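Please read the structure below before turning to the comments.
Every number here is computed from the coordinates shown, using simple stated rules; none is lab data. Just so it is clear, the model here is predicted, and its values are computed rather than measured. So basically every Cβ, Gly included, is an ideal-geometry build from the backbone, and we count neighbours across all protein chains shown.
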Amino acid sequence: MSLSSRTIVIDAFGGPEQLRLVDRPVGEPGPGELRIRHHAVGLNYIDVYQRTGLYANPLPLSLGMEGAGVVEAVGEGVTHLAVGDRAAYASQPPGAYCERRVLPAKCVVKLPDAISFDEGAAMMLKGLTAQYLLRGTLPQGGLQAGDFILFHAAAGGVGLIACQWAKALGYQLIGTAGSDEKCALARELGAAHTINYRTEDFVARVKEITGGKGVKVVYDSVGADTFMKSLDCLQPFGLLANFGNASGKVPPLDIGLLAAKGSLYVSRPTLFTHIATRERTQAMADDLFGMVTSGQVKIRIDQRYPLADVAQAHRDLEARKTTGCSILLP
């Protein structure tokens, strides 16, 4: 009996209207692959970049980078998971917006019983991103308890996880957001200070909060709107880690500016470099699961959409109407 799956695809790059729900056949997993039946699927800004073609992929394309569900079949050589296991992943290639799929097993991990499918789908890409930023994307000399860090979009999915994780590590996270309500949410979840970038100059406020010193590191997923000002928030030898471009692509950088502003460092990390091996994926996931099961990090799911309503989910995400995590329910 051949299986099929309700799947969201695009045939051309463009707006949310390009997203179509179709029935697609799903085959058996090959060597190093598995088939998963999704209980929930995560929604992320990278999905928008792929839909618009900013991050180009071959068409037709099924979107979605993370999900959680039950393993239905495993291919040859897959030993870390078995049929019937609860599992979750953040993984290339895209294709999570569906009921079931076949994908590489190396980025799929067993989901602890204490973590729900909804949480698993909401937390993998965003939580592993927070993990590699706060644990592995560090300024010269690292970070110590008490250090100030600046985190843009602090009320988003990655941001709210980072607020809690930074607090657990003893850092003073300064979070920016686009409304007073979002700022209050970031503070509620652990931000030491917040800045409404629509009504305040975040560079001036960062200098004020840090007594003129600036921060050791800025974590910036906003991109074009914040990049140059983020450099002005750094101490000498500080690091700007740009890990997304929600407001558009960062313009070309004159590297001489880094010298003029204090021997600064700039990095453009991606999650997929960090989770390139099964061992690394497992170690990062274990760290994330430990933070969640201990209660130090809570996964806030503020929006749930049926899979068929994915276009509305994309519109809400782009209009910055969402807070915390959003999931699609197949």
Could you work out which residue, out of A114, A168, A12, moves most in a Gaussian network model of the chain, that is, has the largest mean-square fluctuation with Cα springs under 10 Å?
A114
HN-Hα J in Hz across the stretch 32-45 - Karplus 6.51, -1.76, 1.60, θ = phi - 60°, x for Gly and Pro
x, 10, 9, 10, 10, 9, 6, 9, 7, 10, x, 10, 9, 5
Calculate the all-directions average of the projected area of the stretch 274-325's alpha-carbon convex hull, and give it in nm².
5.2 nm²
Taking 8 Å as the Cα distance limit and 6 or more residues as the minimum spacing, I'd like the relative contact order of the chain as a percentage.
18 percent
Quick one: work out the % antiparallel among DSSP beta bridges in the chain, nearest 5.
60 percent
Site R315, offset 7 angstrom along Cα→Cβ, radius 20 Å on amide nitrogen, limited to the stretch 1-32, gives 8-22
Solvent-free Debye scattering, log10 I(q)/I(0), computed from the Cα coordinates of the stretch 138-268 at q = 0.12, 0.16 Å⁻¹:
-0.39, -0.72
Gain in span if fully extended, S2 to T199, counting 0.36 nm per residue against the direct Cα distance:
65.3 nm
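Cβ neighbours within 10 Å, averaged per peptide: list 234-246, 136-148 in order, most packed at the top.
Numbers: 234-246: 20.2, 136-148: 14.0.
So the order, starting with the most tightly packed, is 234-246, 136-148.
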Could you tell me the center-to-center distance, by alpha carbons, between the stretch 120-155 and the stretch 51-105 in angstrom?
25 Å
Distribution output for the chain: share of Cα-Cα pairs per 10 Å bin in percent, first bin at 0, values 6, 27, 33, 23, 9, 2, 0
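Among E72, E208, E66, what is the fewest-to-most ranking by other Cβ atoms within 10 Å? Write out the running numbers ahead of the final one.
Working: E72 18, E208 13, E66 28.
Going from sparsest to densest Cβ surroundings: E208, E72, E66.
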Under a GNM of the chain (C-alpha, springs under 10 Å), which listed residue has the highest mean-square fluctuation: S91, S221, S294?
S294
At 0.36 nm per residue, and after removing the present C-alpha to C-alpha distance, how many nm does the segment from Q140 to A259 gain when stretched out fully?
41.3 nm
Taking θ as phi - 60°, what are the ³J(HN,Hα) couplings along the stretch 207-215 by the Karplus curve (6.51, -1.76, 1.60), each to the nearest whole Hz, with x for Gly and Pro?
4, 5, 4, 9, x, x, 7, x, 9
Top mean-square fluctuation among R24, R35, R187, Gaussian network model of the chain, C-alpha springs under 10 Å?
R24
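List, in the order given, every pair from K167/K298; K182/K249; K126/K229; K182/K321 whose Cα-Cα distance in the structure shown is over 18 Å. List each step's numbers first, then the result.
Details: K167/K298 12 Å; K182/K249 24 Å; K126/K229 24 Å; K182/K321 10 Å.
The answer is K182/K249; K126/K229.
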